[in-house]
Amino acid sequence: MNVGIVGLGLIGGSMAKSIKVRTAHTVWGIDLDTETMTLSRLSGAMDGALTSENLPACDLVLVAIRPLAAVNWVRENAKNIAKSAIVVDLCGVKRNVCASIAPIAAEYGFAYIGGHPMAGRERGGFVHSSEELFSGASMILTPDANTDMRMLETLKAFFTDIGFAGLTFS
């Protein structure tokens, strides 16, 4: 599977590390901070930068940035997201983010579901991320009328593969 990760801070960086340690998936990542990009490449947390050229090849896109930035990123990049892709935002705030991203996904034809990993630390940033952050944690997903069982099965397999104990639905 090709996984794109937007934001390589504590959550996105931990996702990248967990994926690379526990699976054979390809990880492309993007972060505004050039030092974070360098550290993530050097540590082996990603295979390369997420770009408009490789975004269409992503089967799964994890958006791990602040809520308004997440909505704006999806809006600005929707035309490059494959219709077969699943986009999961990992923002702690769900109602406004889901209400904003769901119509974009419907317009452009890709699948979307809100998510919230129930894990964290006192300190953020890539330097504090860990491949163990999600071990035994729950992932909360917010399905809607457009969510199908195939998507949920794919996400359950993915998130348990990288260490989550299971999925919870809200």
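The values are calculated or read from the model by the stated rules, or taken from the named source; none is laboratory data. These numbers come from a predicted model, not from an experiment. With ideal geometry, Cβ positions are generated from the backbone for all residues, glycine too; neighbour counts draw on all protein chains shown. What goes into the accessible areas is simple: the full protein's heavy atoms, side chains included, and nothing from ligands, DNA or RNA. Shrake-Rupley method; radii C 1.70, N 1.55, O 1.52, S 1.80 Å.
Structural remarks
- Taking all protein chains into account, the per residue accessible area for region 113-154 stands at 56 Å² (1.4 Å probe).
- Per residue, region 1-67 exposes 41 Å² of accessible surface when a 1.4 Å probe is rolled over the protein heavy atoms with every protein chain present.
- Counting only residues at least eight positions apart within a chain, or on another chain, the lysines with an alpha carbon under 26 Å from that of Lys17 are Lys94, Lys156.
- Carbon plus sulfur fraction of accessible area for the chain, probe 1.4 Å, in percent: 52
- Isotropically averaged projected area of region 47-124, using the convex hull of Cα atoms (one quarter of hull area), nm²: 5.6
- The label-point distance for Ala24 and Asp148, in a model that sets each label 7 Å from Cα toward Cβ, rounds to 2.7 nm.
- In percent, rounded to a whole number, the relative contact order of the chain is 24, using alpha-carbon pairs under 8 Å and six or more apart.
- The listed residues Leu10, Leu155, Leu68 rank as Leu68, Leu10, Leu155 when sorted by accessible area, largest first, using a 1.4 Å probe.
- Using equal-weight Cα scatterers in the Debye expression, the normalised intensity of the chain in log10 at q = 0.14 Å⁻¹ is -0.64.
- DSSP-defined antiparallel bridges as percent of all bridges, the chain, nearest 5: 15
- For the set Val97, Val127, the ranking by accessible area, highest first and with no ligand, DNA or RNA atoms included, is Val127, Val97 under a 1.4 Å probe.
- Accessible area of Thr26 in the full protein assembly, 1.4 Å probe (Å², nearest 10): 40
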